[in-house]
1. Filtering region 120-143 down to residues that are outside any helix (DSSP H, G or I) and surrounded by 11 or more Cβ atoms within 10 Å (Cβ to Cβ), which residue is modelled with the highest pLDDT?
2. Taking the residues in region 73-111 that are in contact with a helix residue (DSSP H, G or I) (Cβ under 6 Å, 6 or more places away or on another chain) and closer than 24 Å to Arg50 by Cβ as candidates, determine which candidate is surrounded by the most Cβ atoms within 10 Å (Cβ to Cβ).
3. If you check every pair at least six apart or on different chains, which have Cβ atoms under 8 Å apart with a residue in region 122-139 that is touching a residue at least 60 places away in the same chain (Cβ under 8 Å) and of a type in the set (A, V, I, L, M) first and a residue that is exposed (fewer than 13 other Cβ atoms within 10 Å of the Cβ) and outside any helix (DSSP H, G or I) second?
4. So Gln88 fits all but one of (1) under 26 Å from the mean Cα position of the chain (by Cα); (2) at pLDDT below 90; what number is the exception?
5. Listed residues Thr15, Thr24; which is among the β-branched types (Val, Ile, Thr), at pLDDT below 55 and either over 25 Å from His128 (Cβ atoms) or in a helix (DSSP H, G or I) (or both)?
Amino acid sequence: MDQSEIDALLKAAGTQPAPPVPSTPGSLGGHEVEGRVISEIDAVTAVTERETNKVMDQLDLISQLVNRQQALITEVMKQSGAQDPAVQEAIHQILSAAKEIQDKVFGAMDLMQFQDITRQKLERIVFHLRQIHDYIVELLGTGLKSEGERASISRTIQNTGTTPDEKKADADAVVEEFLRSKNKG
């Protein structure tokens with residue numbers, strides 16, 4: 001499913017896709033984007049589930065109609081003229097076709113289970129995105145009220161960078177010692 005199909009589903013559901021949020025250097029508006037991504041995934045999941053349920057309802061109606069047809073044919077078979085071999089053969093073919101239709105309907109219902117699996121996967125993704133979003137909000141202090149406070153934290157993070165790994169020399173020494181002992185043995 002590409003973005004245009006997702007947008008069409010959202011539009012049909014009455015939900016407008018969120019416009020992309022421009023990100024400027026030094027701004028912390030990214031948490032808004034994550035929130036919108038989570039909302040979009042939730043909306044797509046809801047639309048997909050609703051539309052899948054509509055398809056399942058139609059398949060169920062088809063199955064009920066086939067069952068009704070089979071009951072009517074069974075009643076026809078009880079009629080006096082239905083004992084003719086040609087009529088029996090035609091009735092047998094009709095019942096056979098009805099069984100094939102019923103099997104195809106059940107097969108289609110089974111295939112529609114992909115939506116439930118997809119929903120579960122999307123729910124896991126949303127769960128993890130929310131955790132990441134909350135972590136970023138906490139880490140960057142985006143809960144701050146003013147834009148000045150956000151920009152100050154952004155500059156501090158940018159200027160600080162990452163600290164060098166103080167244990168790297170120790171780790172390198174352990175690796176070298178292991179390789180020497182392996183080469184001797």
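The values are calculated or read from the model by the stated rules, or taken from the named source; none is laboratory data. Remember, predicted model here, so these are calculated numbers, not experimental data. Neighbour counts are summed over all protein chains in view; Cβ atoms, including those assigned to glycine, are modelled from backbone coordinates with ideal geometry.
1. So in region 120-143, the residues outside any helix (DSSP H, G or I) come out as 141-143.
Now restrict to residues that are surrounded by 11 or more Cβ atoms within 10 Å (Cβ to Cβ): 141-142.
Details: Gly141: 70, Thr142: 59.
Filtering first and then ranking leaves Gly141.
2. Ranking the qualifying residues of region 73-111, first place goes to Val105.
3. Cβ pairs passing all conditions: Val137/Gly143.
4. The single condition Gln88 does not satisfy is (1).
5. Working: Thr15 fails: either over 25 Å from His128 (Cβ atoms) or in a helix (DSSP H, G or I) (or both).
Going through Thr15, Thr24 in turn, the sole match is Thr24.
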